[in-house]
Amino acid sequence: GRSVKADPLGCKQRLAYIPDNPDLYEFLSGIKYLNFVADIFGVSKADREARIEKYADLFELTGDLAQPISAYSHGMKQKLAIISALLHDPKLIIMDEPFGLDPTAAYQVKGIMREHCERGGAIFFSTHVLEVAEKLCDKVAIIKQGRLIASGTMDEVKGDQSLEDVFLELEGEKDA
């Protein structure tokens, strides 16, 4: 309901981006980074504390928040990036390959995604794991060499086939 041209800052305040390889301020501790992000988005003290506690506990990161981010593993950095993206309760979340996590964390992310959409939010995510897309997505788009080659609801795109079969047919890798 907002124009990116007319209200770019308002639009940016309503979205979050989670890259597959997060670049974080490694000289900060995890908690300082989260508070920094919360400050940028104007998240109240009560909301930030509740959300940090909820998500840090969920991702088993609470005990590490005082440590410098430079000491975090790649997976811990990914979890911290996810938490930071959720702090301001964005309407739209854009995720790039969000499932390069340990199985427990990947499961938690899927639950967060479902909850977010049930509350009226939206998520755009890219993935090469078609089974995950088939299980999680209401709508799907298939892009080949930067061009949109199929899009619609999951049922419209895949019909009676698996999403993998449709993808391979569209890529010309499987006989139609």
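The values are calculated or read from the model by the stated rules, or taken from the named source; none is laboratory data. Just so it is clear, the structure is predicted and the values come from calculations on it, not from any experiment. Methodologically, a virtual Cβ is constructed for each residue, glycine included, from the backbone with ideal geometry; neighbour enumeration extends over all protein chains shown. All accessible areas refer to the heavy atoms of the entire protein, side chains included, with ligands and DNA or RNA removed. Shrake-Rupley method; radii C 1.70, N 1.55, O 1.52, S 1.80 Å.
For this structure, a couple of remarks:
- Within region 9-25, the presence of a residue that is more than 20 Å from the chain's Cα centre (by Cα), of a type outside the set (A, V, I, L, M) and in a loop (DSSP other than H, G, I, E, B) is excluded.
- Here F125 meets each of (1) under 23 Å from C11 (Cα atoms); (2) surrounded by fewer than 11 Cβ atoms within 10 Å (Cβ to Cβ) with one exception, condition (2).
- Subset of region 135-166 (residues that are open to solvent by less than 60 Å² (accessible area, probe 1.4 Å), under 29 Å from E115 (Cβ atoms) and in a helix (DSSP H, G or I)): L136, M154, V157, K158, L163, V166
- Positions within region 118-134 being in a helix (DSSP H, G or I) and closer than 18 Å to K91 by Cβ, in sequence order: E118
- In the set R2, R51, only one residue is closer than 25 Å to L136 by Cβ and either basic (K, R) or more than 16 Å from the chain's Cα centre (by Cα) (or both); that residue is R51.
- Residue in region 95-111 that is in contact with a Leu (Cβ under 6 Å, 6 or more places away or on another chain), open to solvent by less than 60 Å² (accessible area, probe 1.4 Å), within 19 Å of I18 (Cβ to Cβ) and of a type outside the set (D, E, K, R) present: yes
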